[in-house]
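S.K.: Structure below; questions to follow.
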Amino acid sequence: MDDTSLGIWGVPLAMLAGAIRVSTPFIFVSIGECLTERSGRINLGLEGTLVMGAMSAYGVALMSGSPWLGVLVAAMVGLLLGALHAGICQLPRVNDIATGIGLMLFGTGLAFFLGKPFIQPKAPNLGAIDLGWWSSIPQVRQALQVNYLFVIGIILAFALAWALKNTRWGLIVRLAGESVDAALAIGASVNRVRLIATSIGGAFAGIGGAFLSLYYPGSWNEGLSSGQGLMAVALVIFARWDPVRCLWASLLFGAAGAISPALQSVGITQGYYLFSAAPYVLTLALMIATCSPERSLRGAPGELGAVK
Amino acid sequence: MFNEFTIGRRALLGGAAGTAAFGLAATANAQKPMVVGFIYVGPRDDYGYNQAHAEAAAILKKMPGVKIVEEEKVPETVAVEKSMESMINLDGATLIFPTSFGYFDPHMLKMAAKFPKVQFRHCGGLWTEGKHPVNTGSYFGYIDEAQYLSGIVAGSTTKSGKLGFVAAKPIPQVLRNINAFTLGAQSVNPKITTQAIFTGDWALPVKEAEATNSMVAQGVDVVTCHVDSPKVVIETAERAGIFTCGYHCNQAKLAPKGYLTGAEWNWERIYVDMVEAMKKGQAPGNFVRGGLKEGYVRSSAYGPAVSAAAREKTDAAKAAILSGSLSIYKGALKDNKGNTVIPAGASYVITEPKLEGMNYLVEGVIGATS
């Protein structure tokens with residue numbers, strides 16, 4: 001009976017599997033937000049974009065039969081919501097934090113309204129790549145079922161980090177975020193840069209939503225996101241505005257989220273409420289450990305801030 | 001998560017036209033259809049708790065002379081009072097079913113005092129004579145009887161001897177289900193264990209999927225759940241290729257291969273009885289409880305993976321429960337910490353009030369209540 005069980009070794013394996021399964025929406029939203037914030041704007045509305053992306057991807061996949069078309073539409077919806085945020089923020093005396101909160105509520109509300117008919121039916125799911133073919137242990141095989149979007153997310157994180165550092169385009173984005181004056185001096189249109197960066201950031205968040213509804217957990221309902229978009233925005237600060245660190249932070253968050261069910265499944269059953277809070281405790285602990293009165297918020301774009 | 005911010009259409013209308021409509025409602029008389037109000041805490045089509053109620057409401061709709069008004073996604077706050085008030089004032093409802101646990105106290109009790117001529121019947125609340133108004137009441141089903149039957153099917157089907165239970169919170173109703181499911185399986189093979197995982201809340205899709213997957217990794221091959229919408233658990237388990245038992249309503253469509261059976265509510269029995277009583281001019285029952293025998297709960301039809309032997313065993317146990325010769329909770333019963341919770345020789349009927357305060361998991365359940 002016990003040949004199927006790995007005992008306590010199941011916990012790190014489950015955390016690895018959890019990191020792979022749960023982290024993808026965090027990766028996409030945090031990378032998107034990272035890009036937006038590097039251009040000097042905060043988009044708190046990504047929670048709404050995530051939920052809209054999830055709903056539209058599910059709806060389109062259901063009606064067309066093609067999950068990848070769903071992902072594409074989710075990205076388009078995210079792009080539009082991002083552009084909307086950027087457009088509103090360009091107007092004089094508009095606060096991007098308040099606009100973001102407004103768009104978050106708008107996005108979730110609209111998704112719930114339009115998503116009503118999609119709660120019941122079953123849409124086709126995105127497939128997975130089986131990276132565990134070499135193993136005879138079913139748990140390892142199960143853990144290494146990797147979705148394409150997860151791989152794309154990892155590539156995007158490194159690509160964005162490289163582009164921000166090494167390309168002219170990346171330089172202009174960073175300049176718009178660090179100093180509007182300097183950007184204007186080299187002839188870049190700050191508003192246009194931010195419009196593009198916010199729109200692309202929104203598109204990433206939309207894809208993250210598509211992952212939620214089309215792969216894991218893989219169905220559309222109104223409790224689907226339960227605040228993941230907001231946590232991902234917070235992860236960007238935690239990751240000090242670096243796309244690659246956003247990736248690590250997302251993986252860490254996914255793994256921490258898997259602790260509670262993993263420990264319960266191997267029979268460590270005491271204190272699961274505490275373990276359920278593990279991702280948040282972890283964030284707090286790392287924030288406290290890495291902050292310092294001398295060099296607070298290193299890496300923060302200069303133009304970024306609630307008070308301007 | 002932003003339910004607090006949405007303002008229902010009814011609430012808006014209620015504020016604007018409440019006073020004007022009060023006079024109209026008062027002139028409604030016997031020729032008009034009887035209006036019954038249903039209030040749900042979540043979406044009506046969640047493959048779960050709310051859908052079970054909404055399906056029963058849809059059956060009431062077909063009764064002649066009955067009009068149904070429904071409102072979904074009403075939070076357990078003062079919002080439900082507004083919903084009830086507008087159902088009474090605008091729609092002329094004379095019987096109201098607030099179906100979620102948190103509606104009972106204080107919201108429904110407050111409205112019952114304000115509208116003494118309207119009947120309120122709440123799902124799951126503990127109505128006490130003398131303490132609560134006479135125009136209120138509560139109804140509930142002993143669904144652990146159906147869970148026991150699911151346990152027998154699961155116990156006959158499992159190969160690894162490990163069952164899984166994704167649960168929301170360790171409250172008595174949930175613990176009764178976990179224990180009944182386990183006891184049913186142990187009636188087939190006493191060595192069977194049930195792995196219980198608590199997610200911490202009623203609707204956390206990612207956690208529910210994660211819990212299901214980590215049980216699959218531990219060799220669990222039949223899983224069931226007690227969360228608001230079992231859809232995610234059932235679909236995840238089907239994808240992982242293991243068997244499932246449903247909860248709340250029939251989820252066979254979500255798992256055509258692995259769905260064994262399920263514990264379902266059968267609210268229409270209660271609702272039809274209550275509406276018929278009202279039409280005769282009587283007040284519906286104040287404290288209505290029942291299980292398989294009363295027809296308030298039922299099992300889903302067996303899935304293709306259920307063996308003939310398992311069907312036979314389950315049908316026999318069902319017949320024994322119906323005749324009253326089988327008691328699910330009987331001594332000597334130990335909890336999973338080794339304490340005796342039901343002494344040897346004792347046997348509880350399903351209505352036993354001690355069971356309503358269950359705070360333990362029986363031997364063979366891997367999990368803790370805190």
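The values are calculated or read from the model by the stated rules, or taken from the named source; none is laboratory data. Only a predicted model underlies this, so the values are computations on that prediction, with no experimental measurement involved. Cβ atoms come from the backbone with ideal geometry, glycine included; neighbour counts cover every protein chain shown.
S.K.: When you check B:Lys279 against the structure, is it surrounded by fewer than 22 Cβ atoms within 10 Å (Cβ to Cβ) and under 21 Å from B:Ala309 (Cα atoms), yes or no?
M.R.: In short, no.
S.K.: Then there's this: Could you check how many residues of region B:334-348 are in contact with a Phe, Trp or Tyr (Cβ under 8 Å, 6 or more places away or on another chain) and of a type in the set (Gly, Ala, Ser)?
M.R.: Residues flagged as in contact with a Phe, Trp or Tyr (Cβ under 8 Å, 6 or more places away or on another chain) and of a type in the set (Gly, Ala, Ser) within region B:334-348 amount to 1.
S.K.: Which one is nearest to B:Lys114 (Cα to Cα), of the residues in region B:54-92 that are surrounded by fewer than 18 Cβ atoms within 10 Å (Cβ to Cβ) and of a type in the set (Gly, Ala, Ser)?
M.R.: Per the criteria, the residue is B:Gly65.
S.K.: How many residues, within region A:4-27, are modelled with pLDDT of 75 or more and facing chain B (nearest Cβ under 10 Å)?
M.R.: 9
S.K.: I want to confirm something. Restricting to region B:356-370 and keeping residues that are at pLDDT 90 or above and farther than 14 Å from B:Thr194 by Cβ, which single residue is nearest to the other protein chains (Cβ to nearest Cβ)?
M.R.: Going through the qualifying residues, I end up with B:Asn359.
S.K.: Which residue is surrounded by the fewest Cβ atoms within 10 Å (Cβ to Cβ), if the candidates are limited to region B:243-271 and must be in contact with a Phe, Trp or Tyr (Cβ under 9 Å, 6 or more places away or on another chain) and in a helix (DSSP H, G or I)?
M.R.: B:Lys253
S.K.: For residues that are part of a loop (DSSP other than H, G, I, E, B) and free of Cβ contacts under 8 Å to residues at least 60 places away in the same chain, tally how many sit in region B:209-239.
M.R.: Total satisfying the criteria: 2.
S.K.: Here is a follow-up. Of the conditions (1) within 11 Å of chain A (Cβ to nearest Cβ); (2) closer than 25 Å to A:Glu222 by Cα, B:Lys162 satisfies every one except a single condition; which number is it?
M.R.: (2)
S.K.: Here is a follow-up. Scan region A:86-108 for residues that are touching a residue at least 60 places away in the same chain (Cβ under 8 Å) and not hydrophobic (A, V, I, L, M, F, W, C) and jot them down.
M.R.: A:Gly87, A:Gln90, A:Asn95, A:Gly107, A:Thr108
S.K.: What residue, of B:Thr351, B:Thr369, is under 19 Å from the mean Cα position of the chain (by Cα) and in a loop (DSSP other than H, G, I, E, B)?
M.R.: So the residue among B:Thr351, B:Thr369 that is under 19 Å from the mean Cα position of the chain (by Cα) and in a loop (DSSP other than H, G, I, E, B) is B:Thr351.
S.K.: Out of all the residues in region A:172-182, is one or more over 12 Å from A:Pro25 (Cα atoms) and not in a helix (DSSP H, G or I)?
M.R.: Yes, some residue in region A:172-182 is over 12 Å from A:Pro25 (Cα atoms) and not in a helix (DSSP H, G or I).
S.K.: Out of the helices (runs of 4 or more DSSP H) lying entirely within region A:190-308, which hold 2 or more residues that are away from chain B (no Cβ under 14 Å) and farther than 26 Å from B:Trp202 by Cα?
M.R.: A:190-214, A:228-238, A:243-265, A:278-290
S.K.: Next up: Being outside any helix (DSSP H, G or I), among the aliphatic types (A, V, I, L, M) and surrounded by fewer than 24 Cβ atoms within 10 Å (Cβ to Cβ), is that true of even one residue in region B:172-180? Steps first, answer last, please.
M.R.: Step one: filter region B:172-180 for residues outside any helix (DSSP H, G or I), giving none.
Scanning region B:172-180, I find no residue that is outside any helix (DSSP H, G or I), among the aliphatic types (A, V, I, L, M) and surrounded by fewer than 24 Cβ atoms within 10 Å (Cβ to Cβ), so the answer is no.
S.K.: From (1) within 14 Å of chain B (Cβ to nearest Cβ); (2) farther than 28 Å from B:Gly48 by Cβ; (3) touching a helix residue (DSSP H, G or I) at 6+ places or on another chain (Cβ under 6 Å), pick out the condition that doesn't hold for A:Gly102.
M.R.: Of everything listed in (1) within 14 Å of chain B (Cβ to nearest Cβ); (2) farther than 28 Å from B:Gly48 by Cβ; (3) touching a helix residue (DSSP H, G or I) at 6+ places or on another chain (Cβ under 6 Å), A:Gly102 misses just condition (3).
S.K.: Output the number of residues of region B:295-310 satisfying the condition of being surrounded by fewer than 16 Cβ atoms within 10 Å (Cβ to Cβ) and without any contact (Cβ under 8 Å) to a residue 60 or more places away in the chain.
M.R.: Total meeting the criteria: 4.
S.K.: While we're on this one: In region B:197-207, what count of residues is obtained for those that are assigned to a loop (DSSP other than H, G, I, E, B) and at the interface with chain A (Cβ under 7 Å from one of its Cβ atoms)?
M.R.: 3
S.K.: A follow-up question, please. For B:Ala301, are the conditions met, namely being touching a Ser or Thr at 6+ places or on another chain (Cβ under 6 Å), at pLDDT 90 or above and of a type in the set (A, V, I, L, M, F, W, C)?
M.R.: So B:Ala301 does not fit the description; no.
S.K.: If B:Thr194 meets every condition in (1) surrounded by fewer than 24 Cβ atoms within 10 Å (Cβ to Cβ); (2) more than 7 Å from every other protein chain (Cβ to nearest Cβ); (3) touching a residue at least 60 places away in the same chain (Cβ under 8 Å) apart from one, which number is that one?
M.R.: Looking at each condition in turn, B:Thr194 falls short on (1).
S.K.: From the list B:Asn189, B:Asn213, which residue is crowded, with 24+ Cβ neighbours inside 10 Å and polar (S, T, N, Q)?
M.R.: Of the residues listed, the single one that is crowded, with 24+ Cβ neighbours inside 10 Å and polar (S, T, N, Q) is B:Asn213.
S.K.: Another one. Applying the selection to region B:176-191, what residues are farther than 12 Å from B:Tyr329 by Cβ and among the small types (Gly, Ala, Ser)? Reasoning before the result, please.
M.R.: Just the residues of region B:176-191 that are farther than 12 Å from B:Tyr329 by Cβ, to begin with: B:177-178, B:181, B:185-191.
Passing the criteria: B:Ala185, B:Ser187.
S.K.: For the condition out of contact with any Asp or Glu (no Cβ under 6 Å at 6 or more places or on another chain) and surrounded by 18 or more Cβ atoms within 10 Å (Cβ to Cβ), what is the one hit in B:Val341, B:Val349, B:Val365?
M.R.: B:Val365
S.K.: Here is a further query. Between a residue in region B:272-286 that is in a loop (DSSP other than H, G, I, E, B) and any residue that is among the hydroxyl-bearing types (Ser, Thr, Tyr), which pairs come within a Cβ distance under 6 Å, given they are 6 or more apart or on different chains?
M.R.: none
S.K.: Which of the residues spanning region B:208-231 are closer than 19 Å to B:Ser156 by Cα, β-branched (Val, Ile, Thr) and more than 7 Å from chain A (Cβ to nearest Cβ)?
M.R.: Across region B:208-231, the qualifying residues are B:Val220, B:Val222, B:Val223, B:Thr224.
S.K.: For a quick check of your reading of the model, give me the residue pairs whose first member lies in region B:337-355 and is more than 16 Å from B:Gly324 (Cβ to Cβ), whose second is part of a strand (DSSP E or B) and acidic (Asp, Glu), with beta-carbon atoms closer than 8 Å and at least 6 apart or on different chains.
M.R.: Matching pairs, first to second residue: B:Val341/B:Asp335.
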